[in-house]
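Novice: Below you will find the structure I want to go over with you.
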Amino acid sequence: MKKTQAVGFVHLGQLSYLVDIGGLKVGCDVFLTPLEGRLVNPPVKPEELLDVEVFLGTHDHADHIDRPLWRRLAEFGCTAKFLVPAYVAADVVRDTGLKKNQVVGMTQGESVEVAGVRFTAVASAHERLEFDRKGRSRNLGFVVEGGGRRIYHSGDCCPYEGLQSTLAAFGRIDAAFLPINGRDAWRLTHDFIGCMDAHEAVELAGELKVKTLVPGHY
């Protein structure tokens, strides 16, 4: 990793963040559509995101892959790359009008580089690990490396065997963006799929010696 640069970020609610790393603007699970039951109004408008160069959509839930938002961005002529789980990439192209070469389907262990910033997909367990028939994880997190910094955005994730060692293999993680909404039996039986809780997030960050832990999805 070369010359170290500062990382800037702003939280947009849920597990949505705008991040500036290595001079690249990245939208992580950006969710702006005003769906019924939303408690906080979208803090920005789609047209304010046209300078974002990469969007991450960690899994196929409306607050992580926001199809109406991505459709609006396509209408505005957005030229960003959109990184999504491989199994849903074709559906995203069909549903949003984004160009096929803009939507990059990824699976665990794969990396792509955009303007000198490297994005590596890591399997996430949204309550549990799930894979399609080709063995591709249906839920992803991303390790993003640029400007001498390394961050991890987990997407919706619970701790699972092998997660810590997978992340430790990257080396020092400067910042981790983790959910803390937790999970319980009642929510699971009512189709509310959960994530790690605050204690688990702190424990994972501590084990990895993460310099900055940023909570979300609370």
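Novice: Test of understanding: extend the Cα→C-beta vector of residue 199 to 7 Å, then name every residue of region 125-142 with backbone N under 13 Å from that spot.
Specialist: It comes to no residues whatsoever.
Novice: Now a separate question. So what is the 222 nm mean residue ellipticity for the chain from helices alone, if each DSSP H run of at least 4 adds -39500 (n - 2.57) and you divide by all residues, rounding to the nearest 500 deg cm²/dmol?
Specialist: Rounded to the nearest 500, it is -4500 deg cm²/dmol.
Novice: Please list 3J(HN,Hα) in residue order for region 100-116, calculated via the Karplus relation 6.51 cos²θ - 1.76 cosθ + 1.60 where θ = phi - 60°; whole Hz, with x for glycine and proline.
Specialist: 4, 6, 7, 9, 9, x, 10, 10, 4, x, 7, 10, 9, 10, 10, 6, x
Novice: Also, I was wondering about something else. Using a Förster radius of 22 Å, what is the FRET efficiency between residue 6 and residue 118 based on their Cβ-Cβ separation? Nearest 0.05, please.
Specialist: Efficiency computed from Cβ-Cβ geometry: 0.75.
Novice: Starting from the Cα of residue 218, step 7 Å along the direction of its Cβ; do the same at residue 47; then give the gap between the two resulting points in nm.
Specialist: Calculated label separation equals 3.5 nm.
Novice: Looking at the square roots a ≥ b ≥ c of the eigenvalues of the Cα gyration tensor of the chain, which shape do they give, rounded for a/c under 1.5, prolate if a/b is larger than b/c, or oblate?
Specialist: Rounded, because the longest to shortest axis ratio a/c is under 1.5.
Novice: Please state the shape class of region 28-101: rounded when a/c is under 1.5, otherwise prolate if a/b exceeds b/c and oblate if not, all from the C-alpha gyration tensor.
Specialist: Because a/c hits 1.5 or more and a/b fails to exceed b/c, region 28-101 counts as oblate.
Novice: Can you list residues from other chains, or at least 5 along the same chain, whose modelled amide H is less than 5 Å from the amide H of residue 21?
Specialist: 26
Novice: Quick one: if you stick a label point 7 Å off each Cα along the C-beta vector at residue 211 and residue 75, how many nm between them?
Specialist: 4.1 nm
Novice: Using the Karplus equation 6.51 cos²θ - 1.76 cosθ + 1.60 (θ = phi - 60°), what ³J(HN,Hα) coupling, rounded to whole Hz, does each residue of region 143-159 give in order, writing x for Gly and Pro?
Specialist: Karplus values, whole Hz, x for Gly and Pro: 9, 10, 10, x, x, x, 10, 9, 10, 10, 10, 7, x, 6, 8, 10, x.
Novice: Given H placed on each backbone N at 1.01 Å, which residues far from residue 212 in sequence or on other chains put an amide H within less than 5 Å of it?
Specialist: 175, 176
Novice: Now for a separate question. Students often check this: by mean Cβ neighbours within 10 Å, which of 121-131, 152-162 ranks highest, and how do the rest follow?
Specialist: Highest-to-lowest ranking by the protection proxy: 152-162, 121-131.
Novice: Right, another one. What is the extension gain from residue 169 to residue 94, computed as 0.36 nm multiplied by their sequence separation minus the C-alpha to C-alpha distance, in nm to one decimal?
Specialist: Between residue 169 and residue 94, full extension yields 23.4 nm more.
Novice: I'd like the distance between the alpha-carbon centres of region 111-171 and region 10-79, rounded to an integer number of Å.
Specialist: 19 Å
Novice: Any idea what the relative contact order of the chain is, in percent, if you count C-alpha pairs under 8 Å spaced at least 6 apart?
Specialist: Dividing the mean separation by the residue count of the chain yields 17 percent.
Novice: Can you tell me which lysines have their Cα less than 30 Å from the Cα of residue 99? Leave out same-chain residues fewer than eight positions away.
Specialist: 25, 45, 81, 134
Novice: So how strong a dipole does the chain carry about its Cα centre when Lys and Arg Cβ are +1 and Asp and Glu Cβ are -1, to the nearest 20 debye?
Specialist: On the way: 25 positive and 28 negative charges, 137 e Å.
Using Cβ point charges on Lys, Arg, Asp and Glu, the chain gives about 660 debye.
Novice: Here is a follow-up. With θ taken as phi - 60° and the coefficients 6.51, -1.76 and 1.60, list the Karplus ³J(HN,Hα) couplings across region 83-92 in order, rounded to whole Hz; mark glycine and proline as x.
Specialist: Residue by residue, region 83-92 yields 9, 9, x, 4, 5, 10, 4, 5, 5, 5 Hz.
Novice: Per the 1.4 Å probe, what fraction of the accessible area of the chain, in percent, lies on carbon and sulfur atoms?
Specialist: Carbon and sulfur atoms account for 52 percent of the accessible area of the chain.
Novice: Suppose we keep just the DSSP beta bridges with both residues in the chain; what percent of those would be antiparallel, to 5?
Specialist: 60 percent
Novice: Rounded, prolate or oblate: which fits region 51-157 when a ≥ b ≥ c are the square roots of the eigenvalues of the alpha-carbon gyration tensor, with rounded for a/c under 1.5 and prolate only if a/b beats b/c? Mind showing how you got there, number by number?
Specialist: On the way: a/c = 1.73, a/b = 1.13, b/c = 1.54.
Because a/c hits 1.5 or more and a/b fails to exceed b/c, region 51-157 counts as oblate.
Novice: Going by amide H atoms built from the backbone, whose H comes under 5 Å of the H on residue 158, apart from near neighbours?
Specialist: It is 125, 126, 127, 196, by chain and number.
The values are calculated or read from the model by the stated rules, or taken from the named source; none is laboratory data. Here the structure is a predicted model, which is why all the values come from computation and not from measurement. Neighbour counts are summed over all protein chains in view; Cβ atoms, including those assigned to glycine, are modelled from backbone coordinates with ideal geometry. Surface areas here come from the heavy atoms of the whole protein model, side chains and all, with no ligands, DNA or RNA. Shrake-Rupley method; radii C 1.70, N 1.55, O 1.52, S 1.80 Å.
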